[in-house]
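Scroll down for the structure; my scribbles are underneath it.
What follows draws every value from the coordinates through simple rules; no lab data is involved. The shown structure was predicted, so the numbers you read here are calculated from the model rather than taken from an experiment. Virtual Cβ from ideal backbone geometry, glycine too; neighbours counted across all protein chains shown.
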């Protein structure tokens, strides 16, 4: 990714907020500002999507659901066979707008979601046992 330096005048309060966020995350001011700008642009382009922290870092989430975009897209690819009506039946508790937000985000940022889907495919039972032995019950323990 190429970068370009830009001059930007920020209100003092906003600069303090970015510094506080960065300190809480152990990030530089610049890294924090870039993350916030990137997420802000993505949320503006894909209404109904927010970003949340998780064990694997920041991720796109359908607002108000706790569901990651990649989870809905995985179901859309697999269980729904890319049929919107089937996707609605698979997620009856979500509104059509929420499902369309996930699909819209995927349309805008397919590389991000496809990379996450590939990452999930790599978590086989054998890998979980090898890398997360505490997550697998041990035989013979009482």
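Averaging the sequence gap over all C-alpha pairs within less than 8 Å and six or more residues apart, then dividing by the number of residues, gives the range 47-131 a relative contact order of 26 percent. In percent, rounded to a whole number, the relative contact order of the chain is 15, using alpha-carbon pairs under 8 Å and six or more apart. Once you divide the Cα radius of gyration of the range 88-133 by 2.2 N^0.38 Å, the number left is 1.59.
Relative to the first principal axis of the alpha-carbon coordinates of the chain, what is the inclination of helix 29-45, with its axis defined by its Cα atoms, in degrees from 0 to 90 and to the nearest 10? Around 70 degrees separate the two axes. In the chain, Rg over Rh equals 1.07, where Rg is the alpha-carbon radius of gyration and Rh the Kirkwood radius from pairwise Cα distances. Where only DSSP H runs of four or more residues are counted, the chain gives -17000 deg cm²/dmol as its mean residue ellipticity at 222 nm, each run worth -39500 (n - 2.57). The residues 100, 19, when put in order of fewest to most other Cβ atoms within 10 Å, stand as 19, 100. Test of understanding: extend the Cα→C-beta vector of residue 24 to 7 Å, then name every residue of the range 47-74 with backbone N under 15 Å from that spot. Only 51-54, 58 fall inside the zone, counting backbone N under 15 Å.
Take every pair of alpha-carbon atoms less than 8 Å apart whose residues are at least six positions apart; their mean separation over the length of the range 8-86 yields a relative contact order of 12 percent.
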